[in-house]
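So the structure is just underneath, and the comments pick up after that.
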């Protein structure tokens, strides 16, 4: 199969592209290598994970419609896997245009081109951030009471509303993936688990938002990748014009305090904390309902946070220097 992957130098994009290549698929990979966090980390993902499989990642910005139209029309992939986005929930008000350019304009460009070129399948990244604090626990794809707490979450919910309007009556089928806090080796340095590990290893103070009681449904990167591939294969069994949304999360919310304690235990170090006010853009809890996912691909045994953090910690300690982690964190916007 021939796949076009956007955001291929990103965390999930690079891991997914690597696995698809190992399975023998033909890949066209693109990324705009934005400076939201370290370009060095993005380039290392490409060199360490993708180059060994002879995969090049072309510098393409999805907000440039003519480039996207030309690329998709030329390559005619069997599926487009759209993971490119402006990530994070804490960009300043003056930077909200980045969400608009990537998550709204870019998404619309990809979606329109996919439908126009009659690409059979379209898989795209959404987020647990669409749920906000009003949805019932566990978060179900059936819930319509969605009120995102962040501008980022609102753009992702907009994607979910846009997709069916063009997919309906088209020659394409689509599926949105609501990822729940994906973590692991080669992850994003703007995320809490990454910052906590670096603080421990570099004997730095970690700034903890609120009291550490907020809970997240953590999803290990290999689980996210495996489920993505299974969901893409299942999507291909549907008639064209079909569209849906699927949660990708283990359904086991754990607090940031628990995350800290596990990293302390794994790395055998004690953290220094600076408690600061919580952010209004942070949901109090995320927890994925798994009924629909299970109905599509069967039961998936998720990696526990305890196991996943050991693997992540081993990766951290395998880097050339502990200072590398801190440098990547300092690069985050």
Open item on the list: Give me the three principal axis extents of the stretch 283-333 from the C-alpha atoms, as integers in angstrom, largest value leading.
Closed with: 44, 26, 18
- [ ] For the stretch 1-40, go through all pairs of different Cα atoms, get the mean of 1/r, take its inverse, and jot down that Kirkwood value in Å.
- [x] 10.5
Task: Order by protection proxy (mean Cβ within 10 Å, highest first), peptides 189-200, 239-250, 319-330 - done: 189-200, 239-250, 319-330
Open item on the list: Taking a ≥ b ≥ c as the square roots of the Cα gyration tensor eigenvalues, with a/c under 1.5 meaning rounded and otherwise prolate when a/b beats b/c, else oblate, which class fits the stretch 38-95?
Closed with: oblate
Open item on the list: Given an 8 Å cut-off on Cα distances and at least 6 residues of separation, report the relative contact order of the stretch 28-88 as a percent.
Closed with: 41
Open item on the list: I need 146, 93 ordered by Cβ neighbour count within 10 Å, fewest first.
Closed with: 93, 146
Task: Helix-only mean residue ellipticity at 222 nm for the chain, each DSSP H run of n ≥ 4 adding -39500 (n - 2.57), per residue, nearest 500 - done: -11500 deg cm²/dmol
Open item on the list: Could you work out the relative contact order of the stretch 1-143? I mean the mean sequence separation of Cα pairs under 8 Å and 6+ apart, divided by the number of residues, in percent.
Closed with: 26
Open item on the list: Relative contact order of the chain, please, whole-number percent, based on alpha carbon pairs below 8 angstrom and at least 6 residues apart.
Closed with: 20
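Test of understanding: ordering 277, 282 by Cβ neighbours within 10 Å, fewest first, what list do you get?
Values: 277 7, 282 19.
Final ranking by Cβ density, sparse to dense: 277, 282.
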- [ ] Give the order of 291, 217 when sorted by the count of other beta carbons within 10 angstrom, beginning with the fewest.
- [x] 291, 217
TODO: Summarise the long-distance tail of P(r) for the stretch 184-333 by giving the % of C-alpha pairs beyond 22 Å.
DONE: 47
Open item on the list: Over the chain, with a Gaussian network built from C-alpha contacts below 10 Å, which listed residue (84, 163, 73) shows the highest mean-square fluctuation?
Closed with: 73
- [ ] Label the stretch 128-169 by shape, choosing from rounded, prolate and oblate, from the square roots a ≥ b ≥ c of the eigenvalues of the Cα gyration tensor; if a/c is under 1.5 it is rounded, and otherwise prolate applies when a/b is larger than b/c, oblate when it is not.
- [x] oblate
Task: Sites residue 327 and residue 213, calculated FRET efficiency, Cβ-Cβ separation with R0 51 Å, nearest 0.05 - done: 0.95
- [ ] Given the options 173, 136, 216, state which has the largest fluctuation in a GNM of the chain using a 10 Å cut-off (strictly under) for Cα springs.
- [x] 136
Task: Gyration tensor (alpha-carbon) shape descriptor, the stretch 227-311, a/c threshold 1.5 - done: prolate
Open item on the list: What do you get for the angle between helix 192-201 and the principal long axis of the chain? Use alpha-carbon atoms, 0 to 90 degrees, nearest ten.
Closed with: 40
TODO: Mind jotting down the three principal axis lengths of the chain based on Cα atoms? Whole angstrom, largest first.
DONE: 56, 44, 42
Task: Estimated translational D of the stretch 1-127 in µm²/s (Stokes, Kirkwood radius over Cα pairs; 20 °C; 1.002 mPa s) - done: 146
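What Kirkwood hydrodynamic radius, in Å, does the stretch 82-178 give when the mean of 1/r is taken over all pairs of distinct Cα atoms and then inverted?
13.9
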Open item on the list: How far apart, in nanometres, would the label points at residue 291 and residue 202 be if each is projected 7 angstrom from Cα along the Cα-to-Cβ direction?
Closed with: 4.5
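Taken together, the values in this text are just the output of simple stated rules run on the coordinates, not laboratory data. These numbers come from a predicted model, not from an experiment. Backbone-built Cβ (ideal geometry, glycine too); neighbour counts: all protein chains shown.
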